[in-house]
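Presented below is the structure to which this report refers.
The values are calculated or read from the model by the stated rules, or taken from the named source; none is laboratory data. All figures in this text were calculated on a predicted structure; none of them were measured in a lab. When we count neighbours, we look across all protein chains shown, and the Cβ atoms used for this are built from the backbone with ideal geometry, even at glycine. These area figures cover heavy atoms from the full protein model, side chains too; ligands, DNA and RNA do not enter into them. Shrake-Rupley method; radii C 1.70, N 1.55, O 1.52, S 1.80 Å.
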Amino acid sequence: MFPTLNEQMDLIKRGVFEIIPEDALVAKIEKSIKTQTPLKIKLGCDPSRPDLHLGHSVVLRKLRHFQDLGHEAILIVGDFTGMIGDPSGKSKTRPSLTLEDTRKNGQSYFEQATKILSTKNIKMLYNSEWLASMTFADVIALASKYTVARMLERDDFEKRYRDGEPISVHEFLYPLAQAMDSVAIKADVELGGTDQKFNLLVGRDIQREFGLDPQVAVMLPILTGTDGVEKMSKSLDNYIGVAESPKEIYGKTLSIPDKLIYDYFLLTTDIETDDLNKIKERVITNPREAKRFLARTLVSLYWSDDDARKSEEEFDRIFVQKEIPDTIDEFVLESTEKEMNIIQILTDTKLATSKSDARRLVEQGGVSIDGNRITDVNQMIPLASNIIMKVGKRRFLKIVTEK
RNA sequence: GGGUAGGUAGCGAAGCGGUCAAACGCAACAGACUGUAAAUCUGUCGGCUCCGGCCUUCGGAGGUUCAAAUCCUUCCCUGCCCA
């Protein structure tokens, strides 16, 4: 039923940054094969940011690998901990959410995650199930198992403390709450990015306190965002969302720096190991083609081969040949006038956020109608027939006039 | 509880009675260039404008002054030191 130990370890270790402790994982897998019992693989989901991007996909793909090996995926939606706010990698206190928000986001998370995960051996749980019923006494007892000094070992806490930035007491409770999740489901393995190292290890300590066999921490690299500098995140707007349209995924992929091409292949695709080595060479010999291949691979993964081909054609048409896309959003403009001021059109269509903004766009030569650049802010535009507006490099809008 | 330093545009950070819609950096936006939505360079970057200006902003609320981001009072928030 289960693949052999070596087969399992090969797949598990692909793209993984660190496994702590590796020998414990080997032991767990051996026992699993012997008893024909799947391991429980835990992954915590942050319900405050329900839009999944390729950064999340790195760890989700790893979870999928475990599923493919016959193990059980357990998604823990932090609906309860979401109200605390996760301090991981953040220099500031995060805003807290309401329980309703986190529920809704959790559902959305599941829908997106199953683009990557199998729906066969998966379980999703909300951690309010066990955390909400804890009493204050329970919490104090839990908190007593950890010291402030050990909490401050964590990089970001230590940094914030050193820099004189505020750390709320409740943030110390977050790793403990996350550890309680591991206790509640008796996790064998917990997945996370390298930034989760501390939390994953606290899980081991607390499980041990509760007399359980500690989980193995499997950590994946943090995916660098499209800017090539910061980690991929929605708030930095350097992300590629898994639910984004084919052309968005294609275009954003092409905008990544060449040095990230290999990492993206390794961490966000299921390309064969042999091909992966070929990619390494191609990145150097023909970066343009390697990146276009990556972009097509990603679109195929989340949409289809057909969408991948179309996205590429469309991209070439707009950015290489500077033509207009084959489908353009329409905006119905209701007006009885025969013509309208360009500034008015820009603001009415929301292509500009204000009249000042619209004026700026025109003055800087960013606006064109039916291929002709508009340079005069007082230009009157005839509304006789449909017009195609272009603002900047990639915003197109077809204006349909309705009398 | 005592002392002390702060809260400025999306973020960081100058300004400390008029010349402040507020330096500078980042982000963002536009243009040029490019295999690219990258990099680089240039410009813009509160709102309205009859392009003369006008209006709303510098934690909140009051006040002093011809004039306040800048001074005073008070409230809220945060760091640090002492207890």
- State whether one or more residues within the range A:365-373 are part of a strand (DSSP E or B), under 38 Å from the mean Cα position of the chain (by Cα) and among the β-branched types (Val, Ile, Thr). yes
- Item | Candidates A:218, A:183, filtered to the one that is open to solvent by less than 60 Å² (accessible area, probe 1.4 Å), of a type in the set (A, V, I, L, M, F, W, C), modelled with pLDDT of 95 or more and within 20 Å of residue A:15 (Cβ to Cβ) | A:218
- Note on the structure: When the range A:101-122 is checked residue by residue, the ones that are part of a helix (DSSP H, G or I) and surrounded by fewer than 16 Cβ atoms within 10 Å (Cβ to Cβ) are A:104, A:107, A:108, A:111
- Note on the structure: Taking the range A:388-403 and keeping only residues that are among the β-branched types (Val, Ile, Thr) and within 11 Å of RNA strand B (Cβ to nearest atom), one is left with A:391
- Message: Considering only residues that are charged (D, E, K, R) and under 16 Å from residue A:362 (Cβ atoms), which ones fall in the range A:381-403?
- Response: A:390, A:393, A:395
- Item | Residue in the range A:133-177 that is nearest to residue A:198 (Cα to Cα), counting only those that are among the acidic types (Asp, Glu), in a helix (DSSP H, G or I) and in contact (Cβ under 8 Å) with a residue 60 or more places away in the chain | A:156
- Item | Hits in the range A:13-64 (condition: open to solvent by less than 20 Å² (accessible area, probe 1.4 Å), touching a Ser or Thr at 6+ places or on another chain (Cβ under 9 Å) and assigned to a strand (DSSP E or B)) | A:42, A:53
- Query: If we keep just the residues of the range A:350-382 that are over 19 Å from residue A:327 (Cβ atoms), in contact with a strand residue (DSSP E or B) (Cβ under 7 Å, 6 or more places away or on another chain) and hydrophobic (A, V, I, L, M, F, W, C), which is farthest from RNA strand B (Cβ to nearest atom)?
  - Reply: A:381
- Only one residue in A:308, A:290 is surrounded by 14 or more Cβ atoms within 10 Å (Cβ to Cβ), part of a helix (DSSP H, G or I), in contact (Cβ under 8 Å) with a residue 60 or more places away in the chain and not charged (D, E, K, R). Which one? A:308
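Filter the range A:143-153 down to the residues that are in contact with a helix residue (DSSP H, G or I) (Cβ under 7 Å, 6 or more places away or on another chain) and over 14 Å from residue A:204 (Cα atoms) and list them by number.
Passing the criteria: A:143, A:151, A:152.
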- Message: Take the residues in the range A:257-274 that are exposed (fewer than 13 other Cβ atoms within 10 Å of the Cβ) and part of a helix (DSSP H, G or I); name whichever of them is farthest from the chain's Cα centre (by Cα).
- Response: A:274
- Task: Mind listing whichever residues of the range A:307-324 are of a type in the set (A, V, I, L, M) and under 25 Å from the mean Cα position of the chain (by Cα)?
- Result: A:308
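Among A:385, A:335, A:300, which is closer than 30 Å to residue A:242 by Cβ and either more than 14 Å from RNA strand B (Cβ to nearest atom) or open to solvent by 70 Å² or more (accessible area, probe 1.4 Å) (or both)?
Criteria check complete, one pass: A:300.
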- Any chance residue A:350 is open to solvent by less than 80 Å² (accessible area, probe 1.4 Å) and either under 22 Å from residue A:337 (Cβ atoms) or over 35 Å from the mean Cα position of the chain (by Cα) (or both): no
- Query: Limited to the range A:65-89, what total is found for residues that are at pLDDT 85 or above, aliphatic (A, V, I, L, M) and open to solvent by 10 Å² or more (accessible area, probe 1.4 Å)?
  - Reply: 1
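In the set A:254, A:236, which member is within 10 Å of RNA strand B (Cβ to nearest atom), within 16 Å of the chain's Cα centre (by Cα), surrounded by fewer than 20 Cβ atoms within 10 Å (Cβ to Cβ) and on the phi < 0 side of the Ramachandran plot?
Criteria check complete, one pass: A:236.
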- Message: So residue A:325 passes all but one of these: (1) part of a helix (DSSP H, G or I); (2) open to solvent by less than 20 Å² (accessible area, probe 1.4 Å); (3) not aliphatic (A, V, I, L, M). Which condition number does it fail?
- Response: (1)
